[in-house]
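The values are calculated or read from the model by the stated rules, or taken from the named source; none is laboratory data. In this text, all values refer to a predicted model and were calculated from it rather than measured experimentally. In this analysis, Cβ positions are derived from the backbone assuming ideal geometry, glycine residues included, and neighbour counts consider all displayed protein chains.
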Amino acid sequence: MNKQQRTRQILFYAVYIISVCCLQVTFSQVFMLFGRTADLMLVFVVLSGYLFGTLDGVVVGLLIGMLRDYFSGPVTTSLSNEPVAVLGIGMLAFMYVGLLSSLIFRRRFRRKYFLGVLQVVLLSLIYYPMGHFFSWLSLTVSGNLTTYHSFRYIMLSSLLPQILVNVIAAVPILLLLRFAGPYPKGIRSGLVDGYSVEDRRWQNV
């Protein structure tokens, strides 16, 4: 990758990451459907990893996870019942989201766009139930759990509507990355079987 390509990559990612996070935090009501707000941050990480490889997915995941922690990170209570912000969880979670999205469907299917949307569905099915589990676990360990959402509520009133709005949001984000993304013509040169030389080096570390 030459200097001009690297500059384009950094500039486009910087603009998109800041825009996605600002839209998510400031105009969340605009992207609400069925009582759920589209998780633009998650969708962007998934599609970046799927389209452009492991290194892009992991780095974008870490950056967006850091901003997510800063703006709306989880809060727990200390032993003295004082609220304490928990930083780093979003970074770790989104890093793994970016990593997984770069691995699923890569070798056999290459970069078919329908499968990018399907990845949003699959990783939403993993990410949100795990979020509920760790939320329940945190409340249980801290002794603050009195009641929690039923399985029926989580599946029908939380998870399914969230997946639907994420899929709707995935379509314009996918088109943006494809036609006005960090790589010319939406294609990262040097990808072989879905991986670049940089990806393989990173995975071997």
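Annotations
- Test: residue in the stretch 55-64 that is part of a strand (DSSP E or B) and either at pLDDT below 90 or among the β-branched types (Val, Ile, Thr) (or both): no
- You will find that of Arg152, Arg107, the residue that is modelled with pLDDT under 85 and either of a type in the set (Lys, Arg) or touching a Leu at 6+ places or on another chain (Cβ under 7 Å) (or both) is Arg107 and no other.
- Unmet requirement for Tyr13, which otherwise passes all of (1) in contact (Cβ under 8 Å) with a residue 60 or more places away in the chain; (2) surrounded by fewer than 16 Cβ atoms within 10 Å (Cβ to Cβ); (3) at negative phi: (2)
- Of all the numbered requirements in (1) farther than 27 Å from Phe34 by Cβ; (2) out of contact with any strand residue (DSSP E or B) (no Cβ under 8 Å at 6 or more places or on another chain); (3) at pLDDT 90 or above, Leu122 misses one, and that requirement is (1).
- Verdict on Met1 being surrounded by 12 or more Cβ atoms within 10 Å (Cβ to Cβ) and not in a helix (DSSP H, G or I): yes
- Filter pass, Gly116 being touching a helix residue (DSSP H, G or I) at 6+ places or on another chain (Cβ under 9 Å) and surrounded by 17 or more Cβ atoms within 10 Å (Cβ to Cβ): yes
- Test: Val15 is modelled with pLDDT of 95 or more, more than 16 Å from the chain's Cα centre (by Cα) and β-branched (Val, Ile, Thr): yes
- Residue in the stretch 27-40 that is outside any loop (DSSP other than H, G, I, E, B), crowded, with 23+ Cβ neighbours inside 10 Å and touching an Asp or Glu at 6+ places or on another chain (Cβ under 6 Å) present: no
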